[in-house]
Amino acid sequence: MVRGALEQSLRPVLVCVLGLLMVVGSSPATGGAQQPQQVERLTIATEADKGNLTPYSFRPPPGIHSELVGLVYDTLFLHPYTEEPIPWLATEASPNADATSWTVTLRDDVTWHDGEEFTAEDVAFTYDYYRDGPPNRYTHHASDVPVVESAEALDATTVEFTCEQPCPTLDLITLADLPILPQHIWEDVEDPQTYTDLPVGTGPYRLTEYVEDQSYRFEANEDYFLGPPTVGEIEMPIVPDPSSMFLALQNGQVDTATRPVPPELQESLGEARDVELVEGKRFASIFYRFNAESPPLDQQEFRRALDMAVDRQELVDTVLLGNGRTGSPSFMHPDSRWFEPQDAAFDPEQAGVILDGAGISDSDGDGIREYEGEPVSLSIIVSANDPLQIRTAELVAQQLGEVGIELLPESLDPGTLSQRQNALDFELSSFQGVPHLIGDPTQMIESLESLLVYSNPEYEGLREEWFQSTSVEQQDETMREIQRLFVEDPPASTLYYPDTTYAYNSSTYDGWIPVEGHGIHHKWSFIPEAPELLGIETVAQRTAPPEEETGGRTTLYAVVVAGAVVLLVLGYFLLRRRSARGSDEDQI
Amino acid sequence: MPRPSGAAWRRIGGRVAQYALVLLVAVSLNFAIPRLAPGTPIDYLVPSEQVATITPEQRERVLAQFGLEKPLLEQYRLYLTGILRGDLGVSAQQGRPVVDMLLERLPWTLVLVGGAITLATVVGGGAGFLSAARRGGRTEAWGLALFMFLDSMPPFWIGMLLLVFFSGYLDLLPVFGALPTSGAAGGFGLTLEFAQRLVLPLVTLTMVRAGWLFLVARSSLAGELSEDYILMAEAKGLSRRQVVLGHGVRNALLPLVTAVAVEVGTVVGGATVVETVFSYPGLGRLIYESVLSRDYLVLQGAFLLLAVGVILANLLADLLYPILDPRVRAESLR
């Protein structure tokens, strides 16, 4: 009898264990490679009108420009922030011994959107046009750093570039940055800024419609040399208001947005149905430009003390809600291959000592230091359109107040701001670091002169050394040495590198790849071969359970199965012993 | 309606001449004001990190594409003669003729601003009259509180609230644009899409502007209703309805008409913010973008269009007065 009761009470346990075994046995535990997703149409909200997307249609931030230009146009190498040059329209490039001359071989299977063949003539024409024509965001890479003296088509697929000075990073940066124009169209364009036709490029997408301030429409270039892109049509409405933009994403009117999600929106947006967030790895920073001609900013010690008195961690915690990294004296972005890792010292006491040593001390006890008899009161100009930068400036003003420097934020409309920045009509100026500015060493050399007006005797020597470097390694080393100068003599004060988190609807497309310096909205997210060429996984590949995790889960299953077997065996023996004892008792 | 007499024609002629003079002043101010603001289009055409490396020749060359390198007086002369020819120059940002850009935006502005002014006049003015007619009652108290509240709210905030509720929470209406980006549907479908996208900006702009018209209509009718002739009309034994509608409202219309005419300019200004929140392709947004980029020629053109609009609205109001009010008619005859 006892045996029967026990058996009955154990039966549900046995059923459960068996059921569990069946479930475990049948559950799929496979990850593996995925086919690129093919999508008919995608809607991407973008924050600003960037003209008709020729290289000449530049507009200042906000908004992405070179990535949009890149949908239509191609470059000879992949993009300027890679570790190693990755051929794109070119197949290879080789320099001469002192890297002043390069022979570049081109693909022979590329056509322009209008069916014309792409040849070396187009490349030679483009570089001449950039060097001698009106300036745009790209031209100084051919006319200044480096000076591409000549680009000559040797035959249909070979171009020879000659630089005025050694140009060891020609393939890595210059050729990777400059979009190639079709000669048969641009040879007739006198005034590129008034060229309003839709652009013709070699890129994976044709711009088929552009309604200013309203929208872009791109159609896939089915004849693209790397095969048809994954998305047939891209609609790109221009939605300037951030709240409207993310609302449209939340209610499914758009599939993704090119504006990084502001820290305060990330939580609520991440909870929306199908909306996923991904760190895009775009290069971004906020830095303060100094007008080194305006006293006391002309004093190196003063600039250094100013830099030391800023608590960058507090800025990241308060303004970015922790979504970012503290600024480095190196100016470059930490994810750039040219970045020299150095930490900014936050030491208000030392800053005070330096200021006292430089004779900038508070002699009248009003809490503000004096320089040559005048209280040190500086103004900082900030864009009135950027609340994040205004908040930052207010906070920095508080921090500098602690060391006896008065900082007065002055917010200006973007037009006035650019004018005053360009005319050096400011003391400090809050500035947004764009990828091109903080990821590209040739731009860095240019910026030190034009943007940062840097004068340091040691730098002069290093600059010359940089120009004479004949190898990438040599240039890299010199660039690092230049960055090391910035600790003692900062040309600018980088406050922080904000994260660039993007939101996308995972149910409509998940082929996005975060590319260093560019974010996720660029042609490589639509080219099936790109993840492999770049060595970057798409967000789909990332979120699919990778091998390792699957392994972890298998272990879990094994433990469960083993546990169940042990339970069964234990149960069996328990039953037997009980029943044996029961029969013994019966005998007595 | 009496036919205008010779005197009336003279009066109209005088008015028109007066407005032409105002227009000339406005046109000159349009030329001067954008250029007085700090900054030039070049600051926007070339990235900051590069502006310092641009040679004076390159600078000249960029500006020459838009005729902005010429001396100011010459630019002014070209601007004036251009207006007469219907040529407002080329936008520095878009590289396109300004006239084309304005004409593209105008219909959207007419729909949005025209619709908002009409609605605001009907709703605000109507409620104002009602409130004055029921002075001292609960209608007046609530109406006054509601419209004062609306009047004091910033347009972008109302817009955002409506968006969050109708597009976000209820998911009823699209968030941005005037037409769907992928315009697959035609005919009725397209009209529906257009209407869906118009609702929120229109309601926002109406809500923002109705408050002021409410106040004007209310105080105007309240003033009229305290006049002796109203007492007289009541003494004659006319019904309340006849007194208010036939006598009070008719006279109270004049200030409302003036207020509506003045509104034209203000509403386009208010529309700037609303058009940005809803990504609506109107003139307001064009002006905003052009101010940012110091696109002088577009600003000149847009302000010219606005000035003409405001002047026309005022001229219309002026011409309406004698029709609405016999006293004005009599005065002009004297």
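Results, tabulated for the structure shown:
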item	result
Counted residues, region A:197-219 - those being farther than 24 Å from B:Gln94 by Cα and not in a loop (DSSP other than H, G, I, E, B)	0
Leading residue by the ranking (farthest from the other protein chains (Cβ to nearest Cβ)) among those in region A:422-432 that are touching a residue at least 12 places away in the same chain (Cβ under 8 Å) and surrounded by fewer than 24 Cβ atoms within 10 Å (Cβ to Cβ)	A:Glu427
Which numbered condition A:Pro182 fails, given (1) within 14 Å of chain B (Cβ to nearest Cβ); (2) surrounded by 16 or more Cβ atoms within 10 Å (Cβ to Cβ); (3) over 22 Å from A:Thr100 (Cα atoms)	(1)
Subset of region B:90-123 that is out of contact with any strand residue (DSSP E or B) (no Cβ under 9 Å at 6 or more places or on another chain), among the small types (Gly, Ala, Ser) and in contact (Cβ under 8 Å) with a residue 24 or more places away in the chain - its residue that is farthest from the other protein chains (Cβ to nearest Cβ)	B:Ala120
Selection count where residues are crowded, with 19+ Cβ neighbours inside 10 Å and part of a helix (DSSP H, G or I), scope region A:400-415	3
Candidates A:Ala248, A:Ala153, filtered to the one that is of a type in the set (A, V, I, L, M, F, W, C) and free of Cβ contacts under 8 Å to residues at least 60 places away in the same chain	A:Ala153
Leading residue by the ranking (surrounded by the fewest Cβ atoms within 10 Å (Cβ to Cβ)) among those in region A:220-256 that are over 24 Å from the mean Cα position of the chain (by Cα), in a loop (DSSP other than H, G, I, E, B) and at the interface with chain B (Cβ under 9 Å from one of its Cβ atoms)	A:Gly252
Failed condition for B:Phe188, given (1) part of a loop (DSSP other than H, G, I, E, B); (2) farther than 23 Å from B:Ala120 by Cα	(1)
Positions within region A:386-412 being within 14 Å of chain B (Cβ to nearest Cβ) and within 26 Å of the chain's Cα centre (by Cα), in sequence order	A:Asp386, A:Pro387
Pick from region A:201-219, criterion in contact with a strand residue (DSSP E or B) (Cβ under 8 Å, 6 or more places away or on another chain) and among the β-branched types (Val, Ile, Thr), ranking: farthest from the other protein chains (Cβ to nearest Cβ)	A:Thr202
The lone exception for A:Val382 - which of (1) touching a strand residue (DSSP E or B) at 6+ places or on another chain (Cβ under 7 Å); (2) outside any strand (DSSP E or B); (3) touching a residue at least 24 places away in the same chain (Cβ under 8 Å) it fails	(2)
Any hit, region A:257-272, residues being surrounded by fewer than 20 Cβ atoms within 10 Å (Cβ to Cβ) and assigned to a loop (DSSP other than H, G, I, E, B)	yes
Residue list for region B:292-322, restricted to those being farther than 22 Å from B:Leu24 by Cα and assigned to a helix (DSSP H, G or I)	B:Leu292, B:Leu320, B:Tyr321, B:Pro322
Of residues in region B:267-293 being within 10 Å of chain A (Cβ to nearest Cβ) and of a type in the set (S, T, N, Q), the one nearest to B:Pro38 (Cα to Cα)	B:Ser293
Region B:58-89 - residue that is among the small types (Gly, Ala, Ser) and more than 14 Å from every other protein chain (Cβ to nearest Cβ) and, of those, nearest to A:Val211 (Cα to Cα)	B:Gly86
Candidate set: region A:433-454, residues that are of a type in the set (D, E, K, R) and buried (at least 20 other Cβ atoms within 10 Å of the Cβ); chosen: the one nearest to A:Arg259 (Cα to Cα)	A:Asp440
Yes/no for B:Val175 being within 11 Å of chain A (Cβ to nearest Cβ), within 15 Å of A:Ser243 (Cβ to Cβ) and without any contact (Cβ under 8 Å) to a residue 12 or more places away in the chain	no
Residues of region A:142-163 that turn out to be aliphatic (A, V, I, L, M), within 21 Å of A:Glu446 (Cβ to Cβ) and in a strand (DSSP E or B), as a count	3
Verdict on A:Glu394 being assigned to a helix (DSSP H, G or I), farther than 24 Å from A:Gly519 by Cβ and acidic (Asp, Glu)	yes
Selection within region A:436-468 - in a helix (DSSP H, G or I) and among the small types (Gly, Ala, Ser)	A:Gly439, A:Ser447, A:Ser450, A:Gly461
Every pair of residues 6+ apart whose Cβ atoms lie under 7 Å, when the first sits in region A:280-303 and is farther than 11 Å from A:Pro498 by Cα while the second is among the charged types (D, E, K, R)	A:Phe290/A:Arg303; A:Asn291/A:Glu427; A:Ala292/A:Asp298; A:Ser294/A:Glu427; A:Leu297/A:Arg303; A:Leu297/A:Glu427; A:Gln300/A:Asp489
Every residue from region B:207-255 that is buried (at least 20 other Cβ atoms within 10 Å of the Cβ) and over 33 Å from the mean Cα position of the chain (by Cα)	B:Val243
Test result for A:Tyr138, among the aromatic types (Phe, Trp, Tyr), more than 14 Å from chain B (Cβ to nearest Cβ) and closer than 21 Å to A:Glu446 by Cβ	no
Residues that are outside any strand (DSSP E or B) and surrounded by fewer than 20 Cβ atoms within 10 Å (Cβ to Cβ), drawn from region A:101-118	A:Arg107, A:Asp108, A:Asp109, A:Asp114, A:Gly115, A:Glu116
Per-region count, region A:517-530, residues under 16 Å from the mean Cα position of the chain (by Cα) and not hydroxyl-bearing (Ser, Thr, Tyr)	8
Qualifying positions in region A:312-325 - buried (at least 21 other Cβ atoms within 10 Å of the Cβ) and not aliphatic (A, V, I, L, M)	A:Arg312, A:Gly324
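Every residue, every condition in (1) of a type outside the set (Gly, Ala, Ser); (2) modelled with pLDDT of 95 or more; (3) in contact with a Pro (Cβ under 6 Å, 6 or more places away or on another chain), yes or no:
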| residue | (1), (2), (3) |
| --- | --- |
| A:Gly25 | no, no, no |
| A:Pro28 | yes, no, no |
| A:Gln34 | yes, no, no |
| A:Arg59 | yes, no, no |
| A:Val72 | yes, yes, yes |
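Each row is one residue, and each column tells you yes or no for (1) surrounded by 15 or more Cβ atoms within 10 Å (Cβ to Cβ); (2) closer than 19 Å to B:Leu304 by Cβ; (3) touching a Phe, Trp or Tyr at 6+ places or on another chain (Cβ under 9 Å).
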residue	(1), (2), (3)
B:Val62	yes, no, no
B:Gln65	yes, no, no
B:Gly89	yes, yes, yes
B:Pro107	no, yes, no
B:Ile117	yes, no, no
B:Phe147	yes, no, yes
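The values are calculated or read from the model by the stated rules, or taken from the named source; none is laboratory data. Small disclaimer: the values here were computed from a predicted structure and weren't measured. Note that we place each Cβ from the backbone using ideal geometry, even for glycine, and neighbour counts take in every protein chain shown.
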